Amino acid sequence: MVHGRHAHDENEGNTFLGKELKYFSQAGFDLDRIHIKRNAPIASLYEDAILNEGAVISSSGALINFSGKKTGRSPKDKRIVYEETSKDDVWWGPVNIKMDEHTFEINRERAIDYLNTRENVYVFDGFAGWDPKYRIKVRVIASRAYHALFMHNMLIRPTAEELENFGEPDFIIYNAGQFPANRFTTGMTSTTSVEVNFKRMEMVILGTEYAGEMKKGIFSVMHYLQPVKFGQLSLHSSANQAKGDNGDVTLFFGLSGTGKTTLSADPNRLLIGDDEHVWSDTGVFNIEGGCYAKTINLSAEKEPEIFNAIKFGSILENVVYNPADRRPDYDDVSITENTRCAYPIEYIPNAKIPCIADRQPSNIIMLTCDAFGVLPPVSRLTPEQAQYHFVAGYTSKTPGTEDGIVEPSPTFSTCYGQPFIILHPGRYAKMLAERMEKNKVDCWLINTGWTGGKFGTGKRCPLKYTRAIVDAIHNGTLAKAEFENFPIFNLAIPKAVEGVPSEILDPVKVWPSKDAFNAEVQKLGGMFQKAFSKYEADITAEVKNAGPIL
Ligand SMILES: Nc1ncnc2c1ncn2[C@@H]1O[C@H](COP(=O)(O)OP(=O)(O)O)[C@@H](O)[C@H]1O
Ligand SMILES: C=C(OP(=O)(O)O)C(=O)O
Ligand SMILES: [Ca+2]
Ligand SMILES: [Mn+2]
């Protein structure tokens, strides 16, 4: 038993470190100077974040933190180390920009040097991947208590026994995000640098404190390891399952802001996970142990599961609060529109723990947030169309999720997660097609974006209608609906869906002018063709012809 905070601090340090001490001294950590806190209790991370990092406790008990200048990801500053073990698998180009091994060593040393100047260094050891066959051991080493707590929530938390016998990690993140990269280091274009090295199995972060870099870093690693080393398909998707024994499984693909987190938290179904999954030989498993929800305009009425998950242990990021009562103001965008909450998945009442479904998916829902208001709220895709749309990845970037994005910006984000893929998109698409074919999966395209006009004139499709559409997929009525053809894109759109006004199902009916609509469809079709042309060499003619035909 300890009495008082100081005695507590002493006790908490290296005693938890046990067998790991050797690793830290070998890696260059100065154990005479710094105090390493490994898998520290939530309460103690709260105390340190409050004392040293300007964090406060919200009225519901969550820890409110601020990430400083960067409040979204920095894809332009992301690098992959060019080395012999992975170079032939990586899809080099604007997504995966090369960094040489020597520069990585310099940045890694810079991160460790910075960590050695700190009084406290926070370590979190946990797992990525719920299926024990395909999981990896991850170690996070960070200068901020907030970052350790974030990864405590986002990784799979080890039991005391697993922590005791953790052994060598498979992957290590060095997060020195409070300290800038040196702009004179080879290839640096700013003071932010986020880099992954598959030979060392390490990631280094300098010059950004946005916590999302870490969880997406793990995702990039899994997007390499799962297909290349384990032969399994990693996906930027959420997943849920019908209640009861072995209920049907749905995967929701989508780029950031399209609705993976919101739509997977469904009171009628079990949540497997909100963002990163692996479709394996035996079913579907979540990579993460937590969720990272957007909190912009969050309300208890529209999204009760997420709203109620914001409590002790949860991390609110860049959310403005009222100092008088510490209530978060979810409508306030003054820091960023990309306000977030990270919570352990068990904070969602219907979470399925362990987060694994032992059966193959029945439905795939591709979520697109169409800022042009052209695509129908729902359509049924043929297997060829499913492949086409997966490779094209049409959607919009949501304001704030990436540095510099201020309004919904149309983009073709291949695999519905271009910033996170490591291999050529054709490799993921091929695995997807094989799995869909083998398991006879139904595929749907849902537009959670604009309706009745484009961004600026129309409005976002009301959430209650999108939910009604998802319900109709799950209760089987949509598959039995009468369909009509949506021209140019050749999509099958239902004539009626329970709980949805029929006119919105066909976008032309809710646009103010038919001519303006037709012009917009033509324009978007042309954008698809242009975007898809770079993949044509690797894709069959059937799939290519499943796209819009002008
Ligand atoms: N029709 C809709 N479908 C899904 N989300 C919607 C819809 N309309 C508004 N939203 C809002 O859009 C955001 C979707 O974000 P989120 O579910 O976090 O996306 P993702 O997990 O794919 O990044 C949420 O803030 C949600 O409240
Ligand atoms: C965390 C992110 O993604 P998502 O919105 O899909 O959770 C992100 O894109 O930085
Ligand atoms: Ca999300
Ligand atoms: Mn996501």
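Computed from the coordinates by the stated procedures, all read-outs in this text should not be read as laboratory data. None of the values given here were measured: they were computed from a predicted structure. No Cβ is skipped: glycine too gets one built from the backbone with ideal geometry, and neighbour counts run over all protein chains shown.
By its C-alpha gyration tensor, with a ≥ b ≥ c as the square roots of the eigenvalues, how is the chain shaped: rounded for a/c under 1.5, else prolate for a/b larger than b/c, else oblate?
prolate
Given labels modelled 7 Å from the Cα in the Cβ direction, how far is it in nm from Ser533 to Asp325?
Computed distance between label sites Ser533 and Asp325 equals 5.7 nm.
Compute the separation of the alpha-carbon centres of segment 498-526 and segment 16-80 and state it in Å as a whole number.
Here the two parts' Cα centres lie 49 Å apart.
Going by alpha carbons, how many degrees (0 to 90, nearest 10) lie between the helix axis of 212-225 and the longest principal axis of the chain?
70 degrees
Before anything else, pin down the relative contact order of the chain: Cα pairs under 8 Å, at least 6 apart, normalised by residue count, whole percent.
Reported relative contact order: 13 percent.
So between Asn308 and Lys243, what do we pick up on full extension, going 0.36 nm a residue minus the alpha carbon distance?
Length gained between Asn308 and Lys243: 21.3 nm.
At a Förster radius of 25 Å, what calculated FRET efficiency corresponds to the Cβ-Cβ distance of His102 and Lys76, to the nearest 0.05?
Computed FRET efficiency for His102 and Lys76 comes out at 0.70.
Quick one: helix 145-154 against the long Cα principal axis of the chain, what's the angle to the nearest 10°, folded into 0 to 90?
50 degrees
Residue by residue through segment 157-168, what is 3J(HN,Hα) from phi via Karplus (6.51 cos²θ - 1.76 cosθ + 1.60, θ = phi - 60°)? Round to whole Hz and write x for glycine and proline.
For segment 157-168, the Karplus-derived couplings read 6, x, 6, 4, 5, 4, 6, 4, 9, 4, x, 6 Hz, x marking Gly and Pro.
Considering only Leu463, Gly426, Val374, whose Cα is most displaced toward the positive end of the charge dipole of segment 361-544, charges sitting on Cβ of Lys, Arg (+1) and Asp, Glu (-1)?
Leu463
For segment 230-339, just the Cα set please: Rg and Dmax, both in angstrom.
15.7, 54
For Thr186 and Asp358, FRET efficiency with R0 = 56 Å and r from the beta-carbon atoms, rounded to 0.05?
Between Asp358 and Thr186 the formula returns 0.70.
Please determine, in degrees from 0 to 90 and to the nearest 10, the orientation of helix 101-116 with respect to the longest principal axis defined by the Cα atoms of the chain, where the helix direction is its Cα long axis.
Orientation of helix 101-116: about 60 degrees from the principal axis.
Antiparallel versus total DSSP beta bridges in segment 361-544: what percent is that, nearest 5?
75 percent
For Lys397, which sequence-distant residues (separation of 5 or more, or a different chain) have an amide H within less than 5 Å of its own amide H, given hydrogens modelled in the peptide plane?
Ser409, Thr411
What is the extension gain from Asn268 to Val333, computed as 0.36 nm multiplied by their sequence separation minus the C-alpha to C-alpha distance, in nm to one decimal?
Contour length minus the Cα-Cα distance gives 20.3 nm.
Quick check: the distance between the Cα centres of segment 425-470 and segment 348-383, to the nearest angstrom?
First find each Cα centre; the distance between them is then 7 Å.
Compute the distance in nm between two label points, each set 7 Å from the Cα along the Cα-to-Cβ direction, one at Asn116 and one at Tyr23.
So the two model labels end up 2.0 nm from each other.
How would segment 436-484 be classified by its alpha-carbon gyration tensor: rounded, prolate or oblate, with rounded meaning a/c under 1.5 and the a/b versus b/c comparison settling the rest?
Prolate is the answer for segment 436-484, as a/c is 1.5 or above and a/b outweighs b/c.
Could you give each residue of segment 305-315 its phi-based ³J(HN,Hα) in whole Hz, using Karplus coefficients 6.51, -1.76, 1.60 with θ = phi - 60°, and x for Gly or Pro?
4, 5, 4, 7, 7, 8, 8, 3, x, 7, 10
Let's see if you can work this out: charge +1 on each Lys and Arg Cβ, -1 on each Asp and Glu Cβ, no other charges. What is the dipole magnitude of the chain about its Cα centre, in debye to the nearest 20?
800 debye
Rounded if a/c is under 1.5, else prolate if a/b is larger than b/c, else oblate: which is segment 48-125, with a ≥ b ≥ c the root eigenvalues of its Cα gyration tensor?
Prolate.
So what is the 222 nm mean residue ellipticity for the chain from helices alone, if each DSSP H run of at least 4 adds -39500 (n - 2.57) and you divide by all residues, rounding to the nearest 500 deg cm²/dmol?
Roughly -7500 deg cm²/dmol at 222 nm, from the helical runs in the chain.
Using the alpha carbons of segment 361-544, what is the convex hull volume per residue in cubic angstrom, as a whole number?
Per residue, the Cα convex hull of segment 361-544 comes to 121 Å³.
Under a 5 Å amide H to amide H cut-off, with H placed in plane at 1.01 Å, what residues pair with Gly290 once short-range neighbours are removed?
Ile345
Can you give the extra length, in nm with one decimal, that the chain gains between Ala43 and Thr159 once fully stretched, where that is 0.36 nm per residue apart less the Cα-Cα distance?
So the extension gain works out to 40.0 nm.
Between Thr401, Thr451, Ala531, whose Cα lies farthest towards the positive end of the dipole of segment 361-544 when Lys and Arg beta carbons carry +1 and Asp and Glu beta carbons carry -1, centred on the Cα centre?
Farthest along the dipole direction, towards plus: Thr401.
What distance in nm lies between label points placed 7 Å from Cα along the C-beta direction at Leu463 and Lys438?
3.7 nm
To the nearest Å, what is the center-to-center distance of segment 117-175 and segment 242-307, using C-alpha atoms only?
23 Å
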